[in-house]
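Asks: Here it is: the structure, laid out below.
Each reported figure results from applying straightforward, stated rules to the coordinates on display, with no laboratory input. Predicted, not measured: the structure shown is a model, and the values here were computed from it. Quick reminder, even Gly has a Cβ in these numbers, built from the backbone with ideal geometry, and neighbours come from all protein chains shown.
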Amino acid sequence: MCGIVGAIAERNVVEILLEGLKRLEYRGYDSAGVALLDSDGNLTRTRRIGKVKELADALHQYPVKGATGIAHTRWATHGGVTEANAHPHFSSERIAVVHNGIIENYQQLRQDLTAKGYGFTSDTDTETIAHLVHWEVDQCKDLLTAVQRAVKQFHGAYGTVIMDKEDPERIIVARSGSPLVIGLGIGENFIASDQMALLPVTRRFMYLEEGDVAEITRTSIKVYDRQGRLVERDVSESDVEHDAGDKAGYRHYMLKEIHEQPTVVRNTLAGRLSESGVSANIFGHGSEDILAKIKHVQIIACGTSYHSGMTARYWLEQYANVSCNVEIASEFRYRKSFVHPNSLIVTISQSGETADTLAALRLAKEQGYTASLAICNVPGSSLVRESDMAFMTLAGAEIGVASTKAFTTQLTGLLMLTLALGKYNAMPKIVHDDIVKALHSLPTKLEETLALTQGIKELAEEFADKQHSLFLGRGDQYPIAMEGALKLKEISYIHAEAYASGELKHGPLALIDDEMPVIVVAPNNELLEKLKSNVEEVRARGGIMYVFADKQANFKSDKTMRVINVPHCEAAIAPIIYTIPLQLLSYYVAIIKGTDVDQPRNLAKSVTVE
């Protein structure tokens, strides 16, 4: 979601801030702004609706300079998309604030501050931070103390950066819920909501913990915990490689990331899977001892990651003989749940900062799960740091809002988890060896499946005038159908639903006509004959079907059914393989519809608010 960049240096930081914002554009936003303290002690602000380019054009037309500055891309929560609601927010032209998260008690704070004489110029919750810090700094005459007092009055989530015109030698940052990372330079320091923003200026990072407040100057960083105690936070060196402007010749990041999947899956398997199975402790030091005790798995995730968890449930119960529940994080955290003995909590998130998933992990740890495992794409993220074990998916930076390669690498990791748990729960050797063999073949099978691109591109043209669609799958392909429907609605804005195909006669058949495309995933497995019966139910009602089928499944194209033959693959990896054609279909339908593929409307890459 919203992006934060800040800098305090001896040089002009305008271009650093703009470049940081550009590198955070993939997160989703609707306005952008910058505030600077210039050499004369003046506080200036420039804000624009729309893309960062609009802000950059304004700053080039009306140049400003400053060695201390903060910048922000906003994704609207409180108040509409207007310049007045864009960040940074000011209080009396003295305090400047940028903020990610939601201050849940902002209305009460707003009333209290209005009674104290403060006027509000926006509809946001963030403006209350600026005025409250201003009020507190007037009382205590110290910006750090003022922020520490202010954050104790907030209910909700915040990652916030504050500048004071009267105190230009430092900026203060505070974090609860929404992530913040400090970038360490030489004679200069930086702050951001994502290390990606700062890679052009530093490779050394310090991650703030829950409740931290930090004082940052050009030459020093002091971090205070929730109790106000001075603490040390580890500094790590990043090896992430990412150029936000590099599409490698592809039209969109999403298409590039779809085609990267054989490579990133190969990277995810490398050094973790041998001919004899998964390597020891691939989920962290001592993970073998932990997994040996596990008899139940509880998976928690959101969106695409939830679909990967749904798929893993079939694997864990069918192959590893381990019971598994899967739940949407936002539901898990607000209901009373039962904790099974010897139970592992598994959280899945591309960013590692998904607010609901992170809150659910914290709740689960209080409930007494045996251990926690994060499956994540971002080293150093909150989810990884707060879990007992972690599996990094090695997908590399995923810029497209609609997740592709993060999903397939999550599935790859979950299938390796299935092997690891099966080792202690009587997985038959023949099953184990078949899965190992299938995983070794997976990158090559993905490459073969990408060869279907041209046929899928042609098929997508038939969706030009469609407004609704239905996706069908059985068994472990049902979550893949769900993921296919999600992708289509995310980037093409076509209404799409997914059903377990056995549920057709329990309602969805009422929707079937020649204007409702029905997309079916049909590997050659033990459920194929059942699936064929469901296909006939659609055909009998005049439906038009698009079937992605194993070439050995004997589906034939006719006037009511278009068949795309998918390369034959082993049953265990079929959910990963059949993801690819659904991603490609969604992409090419979105191209035909003329939508913003990489940054679809109303969506954000990293959902860091509830």
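Asks: So, by mean Cβ neighbours within 10 angstrom, what's the order for 66-73, 264-271, 278-285, 108-115 with the highest one leading?
Replies: For the peptides 66-73, 264-271, 278-285, 108-115, the packing ranking is 66-73, 264-271, 278-285, 108-115.
Asks: Step through the residues of segment 192-206 one at a time and calculate ³J(HN,Hα) from phi using the Karplus curve (6.51 cos²θ - 1.76 cosθ + 1.60, θ = phi - 60°), rounding each to whole Hz and writing x for Gly and Pro.
Replies: 7, 7, 8, 4, 3, 5, 10, 4, x, 10, 7, 10, 10, 9, 10
Asks: Given labels modelled 7 Å from the Cα in the Cβ direction, how far is it in nm from Leu363 to Ser220?
Replies: According to this spin-label approximation, the distance is 4.2 nm.
Asks: What does the helix-only formula give at 222 nm for the chain: each DSSP H stretch with n ≥ 4 adding -39500 (n - 2.57), the total divided by the residues, and the result rounded to the nearest 500 deg cm²/dmol?
Replies: The helix contribution divided over the chain gives -10500 deg cm²/dmol.
Asks: Return the subset of Lys530/Lys551; Lys336/Lys532; Lys256/Lys445; Lys222/Lys256; Lys256/Lys437; Lys336/Lys437 for which the Cα-Cα distance in this structure is over 29 Å, preserving the input order.
Replies: Beyond 29 Å: Lys336/Lys532; Lys222/Lys256; Lys336/Lys437.
Asks: Could you check the spin-label model distance between Glu497 and Asp289? Points 7 Å from the Cα along Cα→Cβ, value in nm.
Replies: With each label point 7 Å from Cα toward Cβ, the separation is 5.1 nm.
Asks: In whole angstrom, how long is each semi-axis of the equivalent ellipsoid of segment 248-427, when you take the square root of 5 times every eigenvalue of its Cα gyration tensor and sort them from largest down?
Replies: 25, 20, 14
Asks: Tell me, in nm to one decimal, what length is gained between Lys559 and Val339 on full extension, where the rule is 0.36 nm per residue of separation less the Cα-Cα distance?
Replies: 74.0 nm
Asks: Restricting things to Cα coordinates, could you compute the convex hull volume per residue of segment 22-151 in Å³?
Replies: 115 Å³
Asks: Related question: How much FRET efficiency would the formula 1/(1 + (r/R0)^6) give for Glu536 and Ala84, where r is the Cβ-Cβ distance and R0 is 45 Å, rounded to 0.05?
Replies: 0.15
Asks: Moving on. Within the set Lys365/Lys423; Lys457/Lys489; Lys51/Lys247, which residue pairs have Cα atoms separated by over 22 Å?
Replies: Beyond 22 Å between Cα atoms: Lys365/Lys423.
Asks: Separate question: If you fit an axis through the alpha-carbon atoms of helix 574-593 and take the longest principal axis of the Cα set of the chain, what angle between them do you get, 0 to 90°, nearest 10?
Replies: 60 degrees
Asks: May I pose another question? Which of Val547, Pro379, Val5 sits closest to the plus end of the dipole of the chain, meaning its Cα is farthest towards the positive end, when Lys and Arg get +1 and Asp and Glu get -1 on the C-beta?
Replies: Val547
Asks: Hey, got the dipole for the chain? About the Cα centre, +1 on K and R Cβ, -1 on D and E Cβ, debye to the nearest 20?
Replies: Dipole size: approximately 560 debye.
Asks: State the Cα centre-to-centre distance between segment 87-133 and segment 424-473 in whole Å.
Replies: Computed from Cα coordinates, the inter-centre distance equals 50 Å.
Asks: Let me check I have the definition right: for segment 3-237, take the eigenvalues of the Cα gyration tensor, multiply each by 5, take square roots. What are those semi-axes in whole Å, largest first?
Replies: 23, 22, 17
Asks: Can you tell me which of 226-235, 483-492 comes out highest on packing, and rank the rest after it, using the mean Cβ neighbours within 10 Å?
Replies: Packing order, densest peptide first, comes out as 483-492, 226-235.
Asks: Compare the peptides 155-165, 298-308 by average per-residue count of other Cβ atoms within 10 angstrom and give them in order, highest first.
Replies: In decreasing order of mean packing, 155-165, 298-308 become 298-308, 155-165.
Asks: In square nanometres, what is one fourth of the surface area of the convex hull spanned by the alpha carbons of the chain?
Replies: If I average the Cα hull's projected area over directions, I get 27.6 nm².
Asks: Now for a different question. Mark the label point 7 Å from the Cα of Gln107 along Cα→Cβ and return the residues of segment 118-152 whose backbone N is within less than 14 Å of it.
Replies: 124-125
Asks: Spelling out what I want: for every residue of segment 177-191, take phi, set θ = phi - 60°, compute 6.51 cos²θ - 1.76 cosθ + 1.60 (Karplus), and round to whole Hz; glycine and proline get x.
Replies: Once rounded to whole Hz, the list reads x, 8, x, 9, 10, 9, x, 9, x, 10, x, 6, 9, 9, 9.
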